[in-house]
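The values are calculated or read from the model by the stated rules, or taken from the named source; none is laboratory data. Source: prediction; values computed, not measured. All Cβ positions, even for glycine, are placed from backbone atoms using ideal geometry, and neighbour counts span all protein chains on display.
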């Protein structure tokens, strides 16, 4: 067994990384990552040449290797509001706490908040996320520096006002132009019509058209609450999914977040359009939305279901291990079926389905796939014994068991060390403090 | 600021520990633990004398200090079955997976499983637990070595069979005699009638009488499923809580686990008897019991509500941070109230209420209280920013943020190092492997 490379080398390398003897599923495998950031080899014994070529060698013994987790719905910069207000009635929480703070958010804050979010995601094994917020150019800067992948959407809300709509269209165009101009393969843009109750039909149609024209995705909230469904029926004469579809927003590149109140027909519609749903169990429970996504109907329809955390104000954690466990628990409990959403399905929602939804490869550890992968230590109480790795990953461990994170062929965390962590924590803590003080002065 | 003591000293000391500048609530406090294992001083500036007397000094800066968490319902040795089988219909899971394995469990297995459970609990900030299982003499040995507190009950199941009942009475007596003989103030015995559907009225009455005679507590499952309520109405002509009460089992020293299907009157009865309920949200969701404990009625009645994880086969984690978050989420979601079970209440269920239920002091950091306390690092992404410590503790961090654990004046973990950890992991892994192989041969 070759000794591990030293820390400095590990964080410097772009690809040319050899991971020896990690556990993949139930097998022991060596993995070689090429200089192009793709997985070149997964197997056993074929390590002589890779050993010569490798700039970095990592010891995978006593570690499970799995694809980096994909968080398909969050508002990353809301980490600054984590724990600022909880346990309040929704409208009071939004109007008295969240919105007044958000009104004071600057681009610098969004940079600091997104940087903190990226750090938290890396530390819990997430390598890609789907984000919707504002000041997204600053979010892009944080993502670029952090080294993970993101799909960034400007949250488009016109509230039926044509003037506001114009501004939202220009802001959306500007972000897409900015992101494309970065030419960073880890960062993509999407169009982000907020929801049917905050965006007019004209706004939704514009978003759909612009996304199609640009060849990019759509990120939208869908049927989070019963009120949204009721009001949509009154205002638009149809349920939210059908309304979104009529406006062109349900595409194979769309991610629809929440989907709690879909009826059976809407599940089939989502499936027929190839749209990915993002299940956000923790946020749905914390905000007491009253219903869990009808996962059994989604699965029966063949709809693509992924997982998200939602923003840190309504979860309050970005740990996707928590989202996997939350989904597996909530589905069983709400739909009263002990067999619904077994652990391997939760894992595949957070990996394969998530990666497919964001268009970033197969979300599996295989030759040719992007080298987005994580090593989870099995030498800990919560992963012992190891009867079934998928069960321990979903039900008993947390992101704290992730030791190493690689994204696009670069090591972002090793042995739980993330370069620059202290600076990111201090920057976010200060930004949050200043924000509260500005908002209350 | 005095430098921290070295690791060897830290793990050797019994009391005489000075913790400097930790955050207690919203204040910075120094804490001195006397040689008797009690907290002697909590304050600021009074550290000159304590500095001279201290055998060990710990740096509490950038740490929240809170009472050790109390897990009021588990079956510790079931860690050996963690992840062995999940996502199955309850009866099939029990009869085809859990019971066949349990039939092969030996005292040695229970020792190894309980040792693993103690390790997992220490690593996630739990300093006391309420256990019900069998081969409990071996569980006592594991607890004694691990250094935490436990109340141990032999799981009494007579299934209405007088011959079996006799055996269960003798086993219960033997455990209580054994535990009292240990003269270990950290370890107590309780009487453990399993539930109304597994113990005859005569068995329940005997348990109640024996507990009273011995001056010890009762640990019982109560109204976990609707089926239990229905069958009890048919068989005993009354709901489970009333039936337990008629048999004398509801006392101020009783912990009743689950309490999902209590009606309003039963909540008042529990309150009137001074019995503590143990809410186990994760287990209840995973096993799809169909209803959440009616926490609002419990609170209105003034009932004492504590928190538990249940065993590792049905959770599958013993992390009480997960139980706190699970409770706060499940209550809001199931009872459709965004304000139900706010973070500070979840924290007090896991500390003050739990400690009171097991009779181990106030569950607060104050002079005269047992020195059972934990330090949680705030220098991590999931605890940043720190708008409200209680919110971060309940909603965003996990047991992985606990750095230091002190129980009965001894340091059991410091900077996430627990002496003897590797040996405990290997012993449990081997015991689990051997158990499965015995059961399938």
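Would you check if residue A:286 is more than 17 Å from residue A:70 (Cα to Cα) and either touching a residue at least 60 places away in the same chain (Cβ under 8 Å) or not assigned by TED's automatic domain parsing to the domain that holds residue A:100 (or both)?
Values: more than 17 Å from residue A:70 (Cα to Cα): yes; either touching a residue at least 60 places away in the same chain (Cβ under 8 Å) or not assigned by TED's automatic domain parsing to the domain that holds residue A:100 (or both): yes.
Here the answer is yes, as residue A:286 does meet what is asked.
How about the range B:317-435: which helices (runs of 4 or more DSSP H) wholly inside it have at least 1 residues that are touching a residue at least 12 places away in the same chain (Cβ under 8 Å) and facing chain A (nearest Cβ under 9 Å)?
B:320-334, B:343-348
Which one is nearest to the other protein chains (Cβ to nearest Cβ) among residues in the range A:120-134 that are part of a strand (DSSP E or B) and closer than 20 Å to residue A:221 by Cβ? Before you say what the answer is, go through the steps one by one.
Restricting attention to the range A:120-134, the residues satisfying the condition of being part of a strand (DSSP E or B) are A:126-133.
Now restrict to residues that are closer than 20 Å to residue A:221 by Cβ: A:128-133.
Numbers: A:128: 17, A:129: 14, A:130: 19, A:131: 16, A:132: 21, A:133: 17 Å.
Checked the range A:120-134; the qualifying residue nearest to the other protein chains (Cβ to nearest Cβ) is A:129.
Which one is surrounded by the most Cβ atoms within 10 Å (Cβ to Cβ), of the residues in the range A:78-103 that are touching a residue at least 24 places away in the same chain (Cβ under 8 Å) and away from chain B (no Cβ under 12 Å)?
A:98
Listed residues B:292, B:323; which is in contact with a strand residue (DSSP E or B) (Cβ under 8 Å, 6 or more places away or on another chain) and within 28 Å of residue B:151 (Cα to Cα)?
Residue meeting the stated conditions: B:323.
When you scan the range B:220-274 for helices (runs of 4 or more DSSP H) that lie fully inside it, which ones turn up with 3 or more residues that are in contact (Cβ under 8 Å) with a residue 40 or more places away in the chain? Even if it seems obvious, please write down each step before you answer.
Details: elements: B:226-236, B:240-246, B:264-273.
Hits in the range B:220-274: B:240-246.
Considering B:38, B:58, B:18, which residue is within 28 Å of residue B:420 (Cβ to Cβ) and without any contact (Cβ under 8 Å) to a residue 60 or more places away in the chain?
Numbers: B:38 fails: without any contact (Cβ under 8 Å) to a residue 60 or more places away in the chain; B:58 fails: without any contact (Cβ under 8 Å) to a residue 60 or more places away in the chain.
The match here is B:18.
Of the residues B:275, B:282, only one is within 14 Å of another protein chain (Cβ to nearest Cβ), within 17 Å of the chain's Cα centre (by Cα) and surrounded by 19 or more Cβ atoms within 10 Å (Cβ to Cβ); which?
It is B:282.
Got a number for residues in the range A:178-194 being under 13 Å from residue A:221 (Cβ atoms) and surrounded by fewer than 23 Cβ atoms within 10 Å (Cβ to Cβ)?
Result for the range A:178-194: 1.
Looking at the structure I just gave you, is residue B:39 buried (at least 22 other Cβ atoms within 10 Å of the Cβ), away from chain A (no Cβ under 14 Å) and closer than 29 Å to residue B:345 by Cα?
Yes.
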